[in-house]
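Q: Handing you this structure, nothing more for now.
Computed from the coordinates by the stated procedures, all read-outs in this text should not be read as laboratory data. Note that the structure is predicted; figures quoted are calculated from it, not measured. We place every Cβ from the backbone using ideal geometry, glycine too, and count neighbours over all the protein chains shown.
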Amino acid sequence: MTDDEALDVIRTVLHEVAPEADLAQVGPGETLQEALDLDSIDFLNFVVGLHERTGVEIPEHDYPRLSTVQECVAYLAAAG
Amino acid sequence: MPSLGADMDSGIVSRWMVKPGDEVHRGDIVAVVETEKSTIEVEIFENGIVEEIVVPEGAEVPVGSVLARVGPGEAATVGARAPARAEAAPVEAARAPAKAARAPAIPAQAPVEAASGALPATAAPPQRPPTLPPKGVITSPVIRHVARTLGVDLSTIVGSGAGGAVTRADVEGAARVAPARASVRSSPLARRLAAETGVDLASVKGTGPGGAVVERDVRLGVPSPQEGDRVAAAATAMPMGTPMGTPTAMAPGDVGGGGNEPASTAEAGVDRQAALRHAIGALMARSKREIPHYYLSTTIDMSRASAWLERANLDRPVTKRLVMPVLLLKATALAVAQVPEMNGFMVADRFEPSRAVHVGVAVSLRSGGVIAPAVHDTDRSSLDDLMASLRDLVGRARTGVLRSSEMSDPTITVTNLGDLGVEAVFGVIYPPQVALVGFGRVAERPWASEGMLGVRPCVVATLSADHRASDGHRGGIFLSAIDRLLQEPGEL
């Protein structure tokens with residue numbers, strides 16, 4: 001998966017999880033949970049969304065590697 | 001219009017999902033209602049055939065108003081005094097208010113004066129007690145009391161006593177002839193309140209033992225004078241307490257005449273925000289005014305729960321993973337069994353415990369505001385089921401589509417502000433509930449145990465409880481029970 005494809009998926013899923021959030025306001029290095037006010041259930045829904053769209057298995061201990069958009073892109077691109 | 005929370009005065013029927021002639025079953029979603037706080041899918045509690053849509057889309061009506069009529073579906077019963085009609089049963093219409101005005105269910109030739117109890121839509125809800133005898137009917141206080149108890153309308157009785165006076169036998173006879181009316185089971189307090197406020201018991205859905213109408217059901221059906229005025233001014237008022245089976249008279253042209261055109265989306269969003277803030281403010285002010293809160297807190301060692309959760313999630317696909325709030329929710333629900341004074345409702349200064357445990361979950365809305373819908377039968381659901389319910393509920397709360405039963409029946413509330421990083425939260429009880437449990441962030445803390453100092457994940461659990469229902473001692477036992485349950489996470 002290219003970085004652009006990964007970014008697309010991330011944006012789509014974030015929009016589903018937090019439809020009222022303005023993704024344009026979130027910088028690539030900002031922590032998603034803080035910037036978008038995601039709680040643990042939102043974050044789980046985010047991970048589930050990424051998994052369902054990309055097929056990438058994301059174990060729980062990898063959650064810390066998904067804290068920013070940048071990190072998410074890198075993680076998905078590396079995984080497939 | 002069902003009451004979808006203690007803070008709800010009125011609602012707007014935004015969409016009908018059914019239309020006259022449709023067959024409906026208990027639990028079906030028949031309408032979508034907008035309140036100050038949210039958009040709610042209204043479920044129906046009866047099986048039957050939709051006979052009539054009473055409130056058109058776009059109209060705002062007070063809690064307790066008849067939205068639609070549902071009958072058994074036999075043509076023969078669609079008469080004037082048809083028994084067994086279900087009120088507050090919503091249904092489609094996809095009609096703009098203006099269109100509804102042209103197509104009232106009751107045409108102009110329906111004589112208004114013949115529809116007992118019904119008023120033109122422009123009038124304020126009737127304030128007179130339904131059993132107050134009209135002029136010319138000779139009764140005594142005892143007879144009026146008997147009539148009220150039996151749910152008999154004295155004005156319908158021809159007296160057989162001296163000078164046409166109504167006797168006890170007349171009233172009891174009328175009660176036998178009108179079994180649909182007389183069979184409304186109700187508590188004495190509910191009957192008195194109904195008589196005082198002009199609410200027809202037969203139009204109230206009973207939630208007491210065996211479906212009996214109890215005080216709170218009547219209260220839910222009573223509009224405050226303010227609401228009455230406001231809604232009447234909007235010319236969309238439905239008469240309150242219209243007897244079952246009595247056609248509701250509507251002056252053609254009045255329905256929806258108040259200009260209920262939907263505002264532009266942006267405007268509506270701002271309005272919704274302001275309305276939500278107002279609704280929360282009003283409810284919380286009432287809570288702080290009426291409920292003598294007491295507060296307790298305890299720190300719970302979460303090392304076992306955290307380890308258990310981590311292990312459990314290792315074996316689970318991402319879609320089946322659990323989050324810590326699910327364990328906290330379940331532990332709270334199970335602890336209720338040991339201290340039932342935490343679970344139920346305060347009704348007229350008396351605590352009524354609830355056998356069912358429906359834990360309300362405080363969900364913060366990112367655009368501002370908080371809403372606490374119920375996870376039904378929390379104590380009897382597996383962790384997996386709870387996880388699924390929670391994900392579904394949070395998602396729908398955020399997008400603003402909840403179901404009527406979720407809004408109306410939480411028996412205790414849990415708020416979990418831990419994700420925001422606070423250590424502890426001392427919540428405000430949602431009336432008429434009597435307790436709220438708060439959980440802070442699960443974080444590592446120094447922990448002394450058996451003479452040793454170690455580092456363990458901990459959470460501060462707090463209890464805000466109503467002193468009218470319990471004392472601090474029982475509250476302490478409740479928090480200890482939650483602690484103990486979290487030490488055996490495999491048993492949850």
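Q: Return the long-range amide H neighbours of residue B:14 (sequence gap of 5 or more, or a different chain), with a cut-off of under 5 Å between placed amide H atoms.
A: B:32, B:33, B:34, B:58
Q: Could you work out the local net charge near residue B:281, counting Lys and Arg as +1, Asp and Glu as -1, over the other residues with Cβ closer than 14 Å to its Cβ?
A: On the way: positive: B:37, B:277, B:286, B:288, B:289; negative: B:7, B:9, B:36.
With Lys, Arg at +1 and Asp, Glu at -1, the net is +2.
Q: Continuing with the same structure: Can you tell which of B:278, B:386, B:414 lies farthest toward the positive end of the dipole of region B:270-491, using +1 and -1 charges on the Cβ of basic and acidic side chains (Lys, Arg; Asp, Glu)?
A: So the residue furthest toward the plus end is B:278.
Q: Determine, from the Cβ-Cβ distance of residue B:468 and residue B:19 and an R0 of 45 Å, the FRET efficiency 1/(1 + (r/R0)^6), rounded to the nearest 0.05. Please report the intermediate quantities before stating the final value.
A: Numbers: r = 46 Å, r/R0 = 1.02.
Efficiency computed from Cβ-Cβ geometry: 0.45.
Q: Write down the Å³ per residue value for the convex hull defined by the alpha carbon atoms of region B:270-491.
A: Values: hull volume 28.2 nm³, N = 222.
Dividing the Cα hull volume of region B:270-491 by its residue count gives 127 Å³.
Q: Mind checking the full-extension length gain between residue B:274 and residue B:491? Use 0.36 nm per residue of separation minus the Cα-Cα distance, one decimal, nm.
A: Result: 73.7 nm gained on full extension.
Q: Got a sec to turn the phi values of region B:305-322 into Karplus ³J(HN,Hα) couplings, 6.51 cos²θ - 1.76 cosθ + 1.60 with θ = phi - 60°, whole Hz, x for Gly and Pro?
A: Per residue, the Karplus-derived 3J(HN,Hα) values read 5, 5, 5, 4, 5, 4, 5, 4, 6, 4, 7, 9, x, 3, 6, 10, 5, 9 Hz.
Q: If you plug each phi of region A:23-36 into the Karplus form 6.51 cos²θ - 1.76 cosθ + 1.60 with θ = phi - 60°, what whole-Hz ³J(HN,Hα) values come out, in order, with x for Gly and Pro?
A: 5, 4, 7, 8, x, x, x, 7, 6, 4, 4, 7, 5, 9
Q: Ok, one more. Can you list residues from other chains, or at least 5 along the same chain, whose modelled amide H is less than 5 Å from the amide H of residue A:68?
A: Close amide H contacts, sequence-distant or interchain: A:32.
Q: On to the next question. Please compute the average number of Cβ atoms from other chains found within 10 Å of each residue's Cβ in peptide A:41-53. Mind dumping the intermediate values first?
A: Values: counts 14, 6, 2, 9, 4, 0, 3, 6, 1, 1, 3, 2, 0.
Mean partner shielding for this stretch: 4.
Q: Right, another one. Per-residue ellipticity at 222 nm for chain A, helices alone: DSSP H runs ≥ 4 residues times -39500 (n - 2.57), over residue total, nearest 500 deg cm²/dmol?
A: Working: 4 runs with 45 residues, N = 80.
After summing the helix terms and dividing by the residues of chain A, the value is -17000 deg cm²/dmol.
Q: While we're looking at this one, here's another question. If R0 is 45 Å, what FRET efficiency do you get for residue B:285 and residue A:1 from their C-beta distance, rounded to 0.05?
A: Details: r = 52 Å, r/R0 = 1.16.
FRET efficiency, residue B:285 to residue A:1: 0.30.
Q: At 4 °C and a viscosity of 1.567 mPa s, what translational diffusion coefficient does Stokes-Einstein give for region A:3-66, taking Rh as the Kirkwood radius over Cα pairs? Give it in µm²/s as a whole number.
A: On the way: Rh = 12.1 Å.
Rounded, D is 107 µm²/s.
Q: Using +1 on the beta carbon of Lys and Arg, -1 on that of Asp and Glu, and nothing else charged, what's the dipole of region A:3-66 about the Cα centre, debye to 20? Could you put the intermediate results ahead of the total?
A: On the way: 3 positive and 16 negative charges, 16 e Å.
With Lys and Arg at +1 and Asp and Glu at -1, about 80 debye.
Q: Short version: ³J(HN,Hα) in whole Hz for each residue of region B:343-350, in order, from phi by Karplus 6.51 cos²θ - 1.76 cosθ + 1.60 (θ = phi - 60°), x for Gly and Pro, what are they?
A: For region B:343-350, the Karplus curve yields 10, x, 10, 8, 10, 6, 6, 10 Hz.
Q: So what is the relative contact order for region B:270-491, in percent, with contacts set as C-alpha pairs under 8 Å and at least six apart? Each step should come with its number before you reach the end.
A: Details: 431 pairs, mean separation 65.9, N = 222.
About 30 percent, as a whole number.
Q: Sticking with the crude label model, points 7 Å out along Cα→Cβ, report the distance from residue B:450 to residue A:16 in nm, one decimal please.
A: 4.7
Q: Round to a whole angstrom and tell me the spacing of the C-alpha centers of region B:403-447 and region B:359-383.
A: One Cα centre to the other: 9 Å.
Q: Using modelled amide H (1.01 Å from N, peptide plane; none on Pro or chain starts), what sits under 5 Å from the amide H of residue B:357, excluding residues fewer than 5 places away?
A: B:377, B:378, B:379
Q: Once the Cβ-Cβ distance between residue B:443 and residue B:316 is put in as r, and R0 is 22 Å, what FRET efficiency do you end up with, to the nearest 0.05? Display every interim value, and only then the final one.
A: On the way: r = 24 Å, r/R0 = 1.09.
E between residue B:443 and residue B:316, to the nearest 0.05, is 0.35.
Q: Could you tell me how far the Cα centroid of region B:11-44 sits from the Cα centroid of region A:18-32, in Å?
A: If you average the Cα positions of each part, the centres end up 35 Å apart.
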